[in-house]
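Let me give you the structure first, and then I'll get to my questions.
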Amino acid sequence: MLRKNYIMAPGPTPVPIDILLAGAKETIHHRTPQFLEIIEKTLEEAKYLFQTSNRVYVFVSSGTGAMEAAVTNLVNPGEKAIVVVSGKFGERWKEICQAFGIDVVEIALEWGEAVTPEQIEKAMKENPDAKVIFTTHSETSTGTVMDLKAIAELTRNTDRVLVTDEVSGLLAEPLKMDEWGVDVVVSGSQKGIMMPPGLGFITLSKKAWALVEQNKCPKYYYDLRYYDKNYPDNPWTPAVNMIYMLNQSVKMLKEEGIENIWNRHRVLGEATRAAVKALGLELFSKRPGNVCTAVTVPAGVDGKKITKIMRDKYGVTIAGGQEHLANKIFRIAHLGYVSLFDSITAISALEFTLHELGYPVKFGEGVKAAMEIFHREGVAG
Ligand code: PMP
């Protein structure tokens, strides 16, 4: 059978042709007035994605680079920082902090759990000297979303700086950076922004900038003072053609509207969760989000084979589990440039795959549940 490819993984995500084509233009010199005009306009418009009036700085890096920028600009070696670890990406915060000699106060949770405001409050009380708190809004490794708004309420009128990893969460989960009082947001281009991998982003509140100004952690490429001094020009060579793409992406996202984008992800998430439940499968996360749906591999089924058959036989790339969750869960994303029919395709491929692996499936049951959600939500039928 002819095979088409569908990326249904939580990054990289599908890229619309108009964004790819926006990059297919002559590379101009980055210090020309022509390019400066483009980058200035693009970064100005990009504030909308974060719902902030703070400057957005862009790196030639993946999301991890932006995470490293947050750590090395906010905390000094030997200082304490509170880090929430409830999955692979919380672990990454911890590893970056440790690489720079930061004293990590870990809020360690079971993977699949979401941190509660009470847990943050307790850590803040016990560690008055820990000024920075690192969190992961959407923990992609477990398909979990935390209550960022409630946590920001705890930090907003204090001297604590709340940092959140929005590498996968941006645009898929509601975020009102300024209104909620989130201090630092980091993200990457290859997820909700619908671009290929290659750009990292960071934006910071005034409160966070006060820490940046006096920070002494060793760094060079990521020293935000250079970015701010030169803004909107980049201190180094920016990814010129990716800035063209970002310009197009922001244009398309603004046209769609932030509320509609959040709603799109919510509906796709609900439909996917309804589908897997209808197939008798269990959600892995205790607080599932709208980036990807993490599903527990049912007993008797080889988890490795699910992702392999879906990709190699049906062209549908989903993600498996990471670290100790390898072969125990699989993750179907609904992030970025994904339509209801992409989700329906992924669910039908899952039905075929599970059936082939001996799991009892009545064809169409998952798809039916998803279609019913799309109908109920007024996006189809
Ligand atoms: N944080 C989260 C929540 C992520 O989903 C990812 C990527 N999957 C990262 C950080 C790391 O980003 P990158 O792979 O772009 O460095």
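Out of all the residues in the stretch 94-116, is one or more within 13 Å of the ligand (Cβ to nearest atom), assigned to a helix (DSSP H, G or I) and either among the small types (Gly, Ala, Ser) or not assigned by TED's automatic domain parsing to the domain that holds PRO218 (or both)?
Scanning the stretch 94-116 turns up no residue that is within 13 Å of the ligand (Cβ to nearest atom), assigned to a helix (DSSP H, G or I) and either among the small types (Gly, Ala, Ser) or not assigned by TED's automatic domain parsing to the domain that holds PRO218 (or both).
Right, another one. Here are some residues: VAL15, VAL58, VAL85, VAL75. Which one is of a type outside the set (Lys, Arg), buried (at least 17 other Cβ atoms within 10 Å of the Cβ) and free of Cβ contacts under 8 Å to residues at least 40 places away in the same chain?
On the way: VAL15 fails: free of Cβ contacts under 8 Å to residues at least 40 places away in the same chain; VAL58 fails: free of Cβ contacts under 8 Å to residues at least 40 places away in the same chain; VAL75 fails: free of Cβ contacts under 8 Å to residues at least 40 places away in the same chain.
Result of the check over VAL15, VAL58, VAL85, VAL75: VAL85.
Does VAL163 satisfy being in a strand (DSSP E or B), within 16 Å of the ligand (Cβ to nearest atom), assigned by TED's automatic domain parsing to the domain that holds ALA69 and of a type outside the set (Phe, Trp, Tyr)?
Taking the combined requirement at face value, the residue satisfies it.
To keep it simple, each residue is scored yes or no on (1) surrounded by fewer than 23 Cβ atoms within 10 Å (Cβ to Cβ); (2) under 21 Å from the mean Cα position of the chain (by Cα).
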position	(1), (2)
ASP302	yes, no
ILE306	no, no
ILE309	yes, no
THR317	yes, yes
PHE330	no, yes
LEU335	no, yes
PHE341	yes, no
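When the stretch 226-253 is examined, which residues are found to be in a helix (DSSP H, G or I) and over 25 Å from the mean Cα position of the chain (by Cα)?
In the first step, residues of the stretch 226-253 are kept if they are in a helix (DSSP H, G or I); the result is 226-230, 240-253.
Passing the criteria: TYR226, LYS229, ASN230.
Filter the stretch 118-149 down to residues that are surrounded by fewer than 16 Cβ atoms within 10 Å (Cβ to Cβ) and among the β-branched types (Val, Ile, Thr), then give me how many there are.
So the count comes out to 0.
Right, something else. Among all residue pairs at least 6 apart or on different chains, which show Cβ distances below 8 Å where the first residue, located in the stretch 166-178, is under 17 Å from ASP147 (Cβ atoms) and not assigned by TED's automatic domain parsing to the domain that holds ILE202 and the second is open to solvent by 10 Å² or more (accessible area, probe 1.4 Å) and near the ligand (Cβ under 10 Å from one of its atoms)?
Nothing qualifies.
Here is a follow-up. Are there any pairs, at least 6 apart or on different chains, whose C-beta atoms fall under 9 Å, with the first in the stretch 25-47 and free of Cβ contacts under 8 Å to residues at least 60 places away in the same chain and the second exposed (fewer than 14 other Cβ atoms within 10 Å of the Cβ), and if so, which?
GLN34/ILE28
When the stretch 33-91 is examined, which residues are found to be within 16 Å of the ligand (Cβ to nearest atom) and either part of a loop (DSSP other than H, G, I, E, B) or of a type in the set (Val, Ile, Thr) (or both)?
Answer for the stretch 33-91, where residues must be within 16 Å of the ligand (Cβ to nearest atom) and either part of a loop (DSSP other than H, G, I, E, B) or of a type in the set (Val, Ile, Thr) (or both): VAL58, VAL60, SER61, SER62, THR64, VAL71, THR72, VAL83, VAL84, VAL85, SER86, GLY87.
Right, something else. How many of the residues making up the stretch 255-304 are touching a helix residue (DSSP H, G or I) at 6+ places or on another chain (Cβ under 6 Å), without any contact (Cβ under 8 Å) to a residue 40 or more places away in the chain and part of a strand (DSSP E or B)?
Qualifying residue count, the stretch 255-304: 1.
I need a count of the residues in the stretch 207-221 that are more than 19 Å from ALA99 (Cα to Cα) and free of Cβ contacts under 8 Å to residues at least 60 places away in the same chain. Don't jump to the end; show me each part of the working.
In the first step, residues of the stretch 207-221 are kept if they are more than 19 Å from ALA99 (Cα to Cα); the result is 207-211, 213-214.
Applying the additional criterion that residues be free of Cβ contacts under 8 Å to residues at least 60 places away in the same chain yields 207, 209-210, 213-214.
Here the count works out to 5.
Inspect the stretch 350-365 for any residue being in contact with a strand residue (DSSP E or B) (Cβ under 8 Å, 6 or more places away or on another chain) and buried (at least 22 other Cβ atoms within 10 Å of the Cβ) and give the result as yes or no.
Within the stretch 350-365, the subset in contact with a strand residue (DSSP E or B) (Cβ under 8 Å, 6 or more places away or on another chain) is 350.
Subset that is buried (at least 22 other Cβ atoms within 10 Å of the Cβ): 350.
Yes, because at least one residue in the stretch 350-365 is in contact with a strand residue (DSSP E or B) (Cβ under 8 Å, 6 or more places away or on another chain) and buried (at least 22 other Cβ atoms within 10 Å of the Cβ).
Still on this structure, please answer the following. Hey, among ALA380, ALA370, which residue is among the hydrophobic types (A, V, I, L, M, F, W, C) and open to solvent by 20 Å² or more (accessible area, probe 1.4 Å)?
Working: ALA370 fails: open to solvent by 20 Å² or more (accessible area, probe 1.4 Å).
The conditions single out ALA380.
Using the structure shown, decide if GLU113 is at pLDDT 95 or above and either farther than 25 Å from GLY336 by Cβ or open to solvent by 50 Å² or more (accessible area, probe 1.4 Å) (or both). Spell out the reasoning first.
Working: at pLDDT 95 or above: yes; either farther than 25 Å from GLY336 by Cβ or open to solvent by 50 Å² or more (accessible area, probe 1.4 Å) (or both): yes.
Considered against the rule, which asks whether it is at pLDDT 95 or above and either farther than 25 Å from GLY336 by Cβ or open to solvent by 50 Å² or more (accessible area, probe 1.4 Å) (or both), GLU113 comes out as yes.
Return the pair list, or none, for Cβ contacts closer than 7 Å from residues in the stretch 179-199 that are in a strand (DSSP E or B) and near the ligand (Cβ under 9 Å from one of its atoms) to residues that are among the hydroxyl-bearing types (Ser, Thr, Tyr) and open to solvent by 10 Å² or more (accessible area, probe 1.4 Å), at least 6 apart or on different chains.
GLY188/SER62
The values are calculated or read from the model by the stated rules, or taken from the named source; none is laboratory data. Keep in mind that what you see is a predicted model, and the values were worked out from it rather than measured. Virtual Cβ from ideal backbone geometry, glycine too; neighbours counted across all protein chains shown. Just so you know, the surface numbers come from the protein's heavy atoms only, side chains and all, with ligands and any DNA or RNA stripped out. Shrake-Rupley method; radii C 1.70, N 1.55, O 1.52, S 1.80 Å.
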